[in-house]
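Encoded as structure tokens, the structure appears first; notes follow it.
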Amino acid sequence: MAAVALTAAGALLAGCAAASGTGARPSRLAEQGPLASPVGAAAGRDAPRPLPTTPAAATLPGVGPRTLAQVPADARQVVLVTGAGHDSSTSKVQLFDRADPDAGWTAAGPVWSAHNALDGWSSDHHAGDLRSPIGVFTLTDAGGRYADPGTKLPYTHSPAGFSSPGTGFDGESLADAFDYVIAINYNRKPGTSPLDWTRPLGSSRGGGIWLHVDHGGPTHGCVALPESVMKTLLRTLDPAKHPVVVMGDAKSLSV
């Protein structure tokens, strides 16, 4: 583990945080009132009961059918990351869940502000393009410089492995950026530590794409959220619910 941590530590800035030179509730049909008694109904007889209504299944807001179809059938938790624009480094993030695969999605938290890659988004992410990958990716592994805050995800605690001495694009410190991370399964081997640098698609396709603590500026490819939000996600995401992240700019997600 120590060897993996040392190897990964040198690649954190390139794979995730930005460095400058240094390193709805588901919508429901309105409830119907009792139907009127038929003409000539006997006094005291119960009025006919209303016909049952079926709640309108709630979809993920802003997510179109093609994107929605990529969400695995067994997924019951979604972290939805919606970028402000194709070339924007700011996003909105919200957690959704559903009771079962046939149920509609329900907001399970407020909308949080976040940062993504400096130059926005790409459907063909490559190492060094300074864009976050667009798509639907599973979330199976977590870790951080700090101890496990109480997650059900496998958690790698490594103060050295998740240390980052660099500065971001806006000159901000990255020292706390990897206090908590959730690995996004883009070009990585699920079921391994976030520090595992295996790249199934090859190193040219980038990797090391995480949800992590916001350092106050754009990233190389990750999605960065306030520390309190990262703790919330870590304590809420459940492997038994097969969580995924749906991420991209608003226009790309709408198809």
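The values are calculated or read from the model by the stated rules, or taken from the named source; none is laboratory data. These figures come from a predicted structure and were not determined experimentally. Cβ atoms come from the backbone with ideal geometry, glycine included; neighbour counts cover every protein chain shown. Heads up: the accessible areas ignore ligands, DNA and RNA and are worked out on the full protein's heavy atoms, side chains in. Shrake-Rupley method; radii C 1.70, N 1.55, O 1.52, S 1.80 Å.
Restricted to the stretch 179-207, and to residues there that are farther than 14 Å from Asp141 by Cα and open to solvent by less than 50 Å² (accessible area, probe 1.4 Å), the residue that is farthest from the chain's Cα centre (by Cα) is Gly202. Checked across the stretch 234-243, the condition of being assigned to a helix (DSSP H, G or I) and in contact with a Phe, Trp or Tyr (Cβ under 9 Å, 6 or more places away or on another chain) holds for at least one residue.
A residue that is outside any loop (DSSP other than H, G, I, E, B) and surrounded by fewer than 21 Cβ atoms within 10 Å (Cβ to Cβ) can be found somewhere in the stretch 158-178.
Among all positions in the stretch 143-150, there is at least one residue which is assigned to a strand (DSSP E or B) and open to solvent by less than 20 Å² (accessible area, probe 1.4 Å). The set of residues in the stretch 208-221 that are in a loop (DSSP other than H, G, I, E, B), touching a helix residue (DSSP H, G or I) at 6+ places or on another chain (Cβ under 8 Å) and open to solvent by less than 10 Å² (accessible area, probe 1.4 Å) comprises Gly208, Ile209, Gly221.
If you scan the stretch 231-255, which residues turn out to be open to solvent by less than 10 Å² (accessible area, probe 1.4 Å) and farther than 18 Å from Asp97 by Cβ? Within the stretch 231-255, Gly248, Asp249, Leu253 meet the criteria. Of the strands (runs of 3 or more DSSP E) entirely within the stretch 42-131, those holding at least 1 residues that are at pLDDT 95 or above, within 12 Å of Val246 (Cα to Cα) and open to solvent by less than 20 Å² (accessible area, probe 1.4 Å) occupy 77-83, 90-97.
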